[in-house]
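This report refers to the structure that appears directly beneath it.
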Amino acid sequence: MTPKRVLWALVLIATVAALIIVAVKKGSREVVEERPPSVGGFKLSSTAFEYGGTIPAVCTCDGADISPPLVWENVPEGTVTFALIMEDPDARISTFTHWLICEIPGRTRALPPKVPNKAEVASPVSAVQGNNGFRKLGYGGPCPPAGKPHRYYFRLYALDAKLDMIGGFNRRQLLAAMKDHILAEAELMGRYARTE
């Protein structure tokens, strides 16, 4: 084989390899971003939007800024309480926390819309809430700068214990309290973008 043909063969191999790498990376990203995890069957969903869908404006700073309805199923045996963290990994500086709520009784299977923004909630569901990234209690909806959509992850944790949290806690404190108590995790992701 002439040097010229060897060179062309190497270029062809490198091009094919690069295309394969891009395809694999793209495929992996789609699996992570577009499909909810189904480990153990524990599943989190909403009647307001599908996984990867658009979060309604009423649940954002462009609307009434109320928390969306959430439902879950296939709860693992031994679940005593649930905790939920909502975050935006696409925020400018670092991951932004939009909602911290825990001490949800293990018999509960849904959070209705418009959970009150109070430290301790008795109705329509029993729970304790922490401070979000806006430095406010309870839910703080999507409010990204104008541009491409941000992703908002709702992660529900099934826990084998009551955490005895006091309202106004932060993300670090909640994660520390949950350590060694997580039985399963379910995830829901929605998107939201602002045009101005």
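Fewest to most neighbouring Cβ within 10 Å: what's the order for Phe49, Phe134, Phe82?
Phe134, Phe49, Phe82
Mark the label point 7 Å from the Cα of Ile182 along Cα→Cβ and return the residues of segment 126-167 whose backbone N is within less than 12 Å of it.
155-159
Rounded to the nearest 0.05, what FRET efficiency is calculated for Glu196 and Ala91 with R0 set to 30 Å and r the Cβ-Cβ distance? Before the final figure, lay out the partial values.
Details: r = 19 Å, r/R0 = 0.62.
My answer for the efficiency is 0.95.
Expressed in nm to one decimal, what extension gain is obtained for the pair Leu175 and Ala57 from 0.36 nm per residue of sequence separation less their Cα-Cα distance? Mind showing how you got there, number by number?
Values: separation 118, 0.36 × 118 = 42.48 nm, distance 2.92 nm.
That works out to 39.6 nm of additional length.
For Asp164 and Thr47, what does the FRET efficiency come to when R0 = 22 Å and r is the distance between their Cβ atoms, rounded to the nearest 0.05? Provide the component values of the computation, followed by the final result.
Values: r = 32 Å, r/R0 = 1.44.
Approximately 0.10, to the nearest 0.05.
Pop the C-beta distance of Asn74 and Arg155 into the FRET formula with R0 = 25 Å and round what comes out to the nearest 0.05. If you can, show how the numbers build up before the last one.
Working: r = 16 Å, r/R0 = 0.63.
FRET efficiency, Asn74 to Arg155: 0.95.
Once you list every other residue whose beta carbon is under 11 Å from the beta carbon of Lys148, what net charge do they have if Lys and Arg are +1 and Asp and Glu are -1?
Values: positive: Arg151, Arg191, Arg194; negative: Asp90.
Taking every other residue near Lys148 into account, the sum is +2.
Read-outs throughout are calculated quantities, based only on the coordinates presented, and are distinct from any laboratory measurement. Keep in mind it's a predicted model, so treat the numbers as computed, not measured. Counting neighbours? That spans all protein chains shown, and the Cβs are built from the backbone with ideal geometry, glycine included.
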